[in-house]
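Written out below as structure tokens is the structure these notes cover.
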Amino acid sequence: MSMKTKIYSIAIAGLLTMGMTSCGDSFLEVQSKTEGTTGNFYTSESAASRALVGCYDAWQCTVSNGPVFTLLYMSDLLSDECFGGTATSDARNSQVVDRFDINQDNSQVDLHNTLWISYYEAIYTVNELIQHENDIAWSSEASHGRLIGEARAIRGILYFDLARIFENVPLITVPTKENVPQADPHEVYAQVFDDLKYAAANIPADAYPKSSSSTNDGRITCYAAKAMLARAYLFYTGVYGQEPENLTKAEVLQGLEDIIASGEYSLVPLYKNLWYCASTKWEGSDAAGWKEVSTYAGEDNSENILTMKFNYTSDYNGNAGGNNAIQMLSVRGGTFKAPYGEGWGGATVSKQFFESYPAADQRRDASIIDLDAEGISSMDSYIQNGYLKQREYTGYFNKKYTARSAYLLNESSGTWSLTHYWANVQAGDFMISQAIGYTLMRYADVLLMAAELGSPNAQSYLNQVHSRAYATENADGSVNTPKLNVTLSKANIMEERRLEFAFEGIRYWDLLRQGINVAAQTIAASSAKVLDGGQETTVTIKAENIISKRGFQQIPQTQITLSNNVLKQNAGW
């Protein structure tokens, strides 16, 4: 069986029943999913709209389909923010990614196989829709541009992820079962830019107004496409040291200025309110009842430009819809103080990174769970089920993307009560049903990218993001935001990005686009002493391991074998 036959066997079966049943739909209910085939389905605009739901669904499955090394989790491990973590009894898979080093027995040569398959299944689903573009009776050019624009944006994002993770990947723009060799990376990026440019130009600006979450829930807007285009441009020019064809710096910057000028987005006044666990606590008792006290701005807040949505309907029968990165990133073992839930203890946060935040910067405590300061490290249940079983314990975990507990602790009596306050966890399996969205793009990123690209307003944009980090809340809920001024420089913009986007899957790629030596030396410098099951050990990350692989991950060996060695392994692996 060829590589592509294997990759697409599941996708083809799904597409024959309209390809919309594998993951949960986050923003749209659909009717019957079985009456059409690829031969007769793509004729009406309503059918095309349903097919687009399948494209979003397939994109979501790159996270919820079961791959341990989702982009978010992998990105945290690769950076200087986190170590591998997980349990002392677990295989050292996370350490392979964290160290860029396969174990001596080569048992981890297939770590990214599920991820690879999920991405190419999603690409196949999108290609199927785009191939039938001219067979559809469109009601208007605006509808045509919107629907195909969203599909092409999804494909552009999928290939951008693949190119960043593996660099050398097959480029496939039609639904095919052929055994396709890897393309030149520049060709892959050309497709990324072309797809995102098409989406930016053809999705109407008023298609999904920010004020209407019922219609924009998880949808890609023209503004999201422009922002993702800028991110891809900055990565490409940084890593490859050249301008792409048919895309200029001025064009990319103008897209960011369009987002800013639109008035659709603004910074959430308090940084902590971007994240549920940073802005929420529970007060009360078993007898009197518990009350949520929260200032959480929600996933569809004024700052979020693009968020991948999930739901809590996952099961073990092939229906996947949860955010599978969450359990890997969450505090290991036992039950904790609300609002935190339990997880597998991956990506323990570096103490050095925690201590690198300047005094009074509100982003540190909004981004990082400090187990000592928050009274978790001394809890008996945590000591037995977490600390003593935790590998590479540092005392710190990701607060932005952490599981939300279904339990509350009565601290006066020390007893636990199960409380139905987070329905999305209660309704499903806590291991696979985390419905926490993954925000791919925030307005703060648009401001900092525009500053980096040389906007005439660069100083103002940088100051806005920096000043918000030091904003404080008054007793009446009003916010004090100081007017701070940061010297405008590339170094200061990158430092602001480091602190602003910690644990959001951005830091590693920002390092890599500054040069492989910069990335390798910075990450290697994060080596530190940690605790494995309470015993001191040392995490050692070698710069030469990262440099020899140019910062990219291994191609799954199963895919190389299935391709009859048409696929070639990346250098250094």
Subject >> Cα-based Rg and Dmax for the range 415-573, where Dmax is the largest Cα-Cα distance (Å) >> reply: 21.9, 67
Original post:
Excluding ligands, DNA and RNA, what is the solvent-accessible area per residue of the chain at a probe of 1.4 Å, expressed in Å²?
Top reply: 37
**OP:** Quick one: which residues, 5 or more positions from VAL530 or on another chain, have an amide H under 5 Å from its amide H? H modelled 1.01 Å from N in the peptide plane, none for Pro or chain starts.
**Re:** THR537, THR538, VAL539
Original post:
So for the range 482-573, what are the equivalent ellipsoid semi-axes in whole Å, largest first, each being the square root of 5 times an eigenvalue of the Cα gyration tensor?
Top reply: 32, 21, 13
Original post:
For helix 3-15, what angle does its Cα long axis make with the longest principal axis of the chain, in degrees from 0 to 90 and rounded to 10?
Top reply: 90
Original post:
Ordering PHE430, PHE503 by how much accessible area each has at a 1.4 Å probe, largest first, what is the list?
Top reply: PHE430, PHE503
Original post:
At q = 0.16, 0.17 Å⁻¹, what base-10 log of I(q)/I(0) does the Debye formula yield for the range 71-209 when every alpha carbon is treated as an equal point scatterer in vacuo?
Top reply: -0.92, -0.99
**OP:** Apply the Debye scattering formula to the range 69-114, with a single equal point scatterer on each alpha-carbon and no solvent, then give log10 I(q)/I(0) at q = 0.15, 0.27, 0.32 Å⁻¹.
**Re:** -0.35, -1.10, -1.31
Original post:
Tell me, what ³J(HN,Hα) does each residue in the range 193-206 have, in order and in whole Hz, if you take phi through Karplus 6.51 cos²θ - 1.76 cosθ + 1.60 with θ = phi - 60° and put x for Gly and Pro?
Top reply: 5, 5, 5, 5, 5, 4, 4, 4, 7, 10, 6, x, 4, 9
**OP:** Could you please tell me the mean projected area of the C-alpha convex hull for the range 135-209, averaged over all directions and given in square nanometres to one decimal?
**Re:** 6.1
Subject >> Beta bridges per DSSP with both ends in the chain, % antiparallel, nearest 5 >> reply: 90
**OP:** Could you give the C-alpha radius of gyration of the range 232-331 expressed as a fraction of 2.2 N^0.38 Å, taking N as the number of residues it contains?
**Re:** 1.61
Subject >> Equivalent ellipsoid semi-axes - Cα gyration tensor, the range 86-166, angstrom >> reply: 40, 11, 10
Subject >> Pairs beyond 19 Å (Cα-Cα), from LYS197/LYS309; LYS337/LYS399; LYS272/LYS400; LYS281/LYS389; LYS291/LYS337; LYS389/LYS529 >> reply: LYS197/LYS309; LYS281/LYS389
Original post:
Once phi is turned into ³J(HN,Hα) by the Karplus curve 6.51 cos²θ - 1.76 cosθ + 1.60 with θ = phi - 60°, what whole-Hz value does each residue of the range 60-71 show in order, with x for glycine and proline?
Top reply: 4, 5, 5, 10, 8, 7, x, x, 5, 8, 5, 4
Original post:
How long are the semi-axes of the ellipsoid equivalent to the range 267-320, from square roots of 5 times the Cα gyration tensor eigenvalues, in whole Å, largest first?
Top reply: 26, 23, 6
**OP:** Could you quote the convex hull projected area for the chain, Cα atoms only and averaged over all directions, in nm²?
**Re:** 25.7
Original post:
Taking the Cα centre of the chain as origin and charging only Cβ (+1 Lys, Arg; -1 Asp, Glu), how large is the dipole, in debye to the nearest 20?
Top reply: 640
**OP:** Putting +1 on Lys and Arg Cβ atoms and -1 on Asp and Glu Cβ atoms, find which of ILE136, THR176, ALA153 reaches farthest to the positive end of the dipole of the range 117-185.
**Re:** ALA153
**OP:** Specify which residue in the list ASN517, ALA469, PHE235 is farthest towards the positive end of the charge dipole of the chain, using unit charges on the beta carbon of Lys, Arg (+1) and Asp, Glu (-1), about the Cα centre.
**Re:** ASN517
**OP:** Whenever you get a sec, compute what percent of the accessible area on the range 125-198 sits on carbon and sulfur atoms (1.4 Å probe).
**Re:** 44
**OP:** Enter the accessible area of ARG513 (Å², nearest 10), with the probe set to 1.4 Å and all protein chains included.
**Re:** 30
**OP:** Please give the FRET efficiency for TYR316 paired with VAL518, using the beta carbon to beta carbon distance and R0 = 45 Å, rounded to the nearest 0.05.
**Re:** 0.55
Subject >> Charge dipole (the chain, unit charges on Cβ, about Cα centre) - positive-most of LEU256, ILE326, PRO556 >> reply: PRO556
Original post:
Give me the Kirkwood hydrodynamic radius of the range 432-473 in Å, from all C-alpha pairs, to one decimal place?
Top reply: 12.0
Original post:
Quick one: how many Å² of SER94 are accessible to a 1.4 Å probe, rounded to 10?
Top reply: 10
Original post:
With charges only on Cβ, +1 for K and R and -1 for D and E, what is the dipole size of the range 173-252 about its Cα centre, in debye, rounded to 20?
Top reply: 340
**OP:** Determine the order of LYS529, LYS490, LYS309 by accessible area, beginning with the largest, at a probe radius of 1.4 Å.
**Re:** LYS529, LYS490, LYS309
**OP:** Pull out the extension gain between ASN492 and LEU388, defined as 0.36 nm times the separation in residues minus the alpha carbon to alpha carbon distance; nm, one decimal.
**Re:** 33.5 nm
Original post:
Roughly what would the spin-label model give for VAL174 and ALA137, points 7 Å off Cα along C-beta, in nm?
Top reply: 2.7
**OP:** With label points built 7 Å along Cα→Cβ from the Cα atoms of SER356 and THR537, find their separation and express it in nm.
**Re:** 2.4
Original post:
Put GLU128, GLU257 in order of accessible area, largest first, 1.4 Å probe: what do you get?
Top reply: GLU257, GLU128
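The values are calculated or read from the model by the stated rules, or taken from the named source; none is laboratory data. Quick caveat: nothing in here was measured; it's all calculated off a predicted structure. Glycine gets a Cβ as well: all are built from the backbone with ideal geometry, and neighbour counts include every protein chain shown. What goes into the accessible areas is simple: the full protein's heavy atoms, side chains included, and nothing from ligands, DNA or RNA. Shrake-Rupley method; radii C 1.70, N 1.55, O 1.52, S 1.80 Å.
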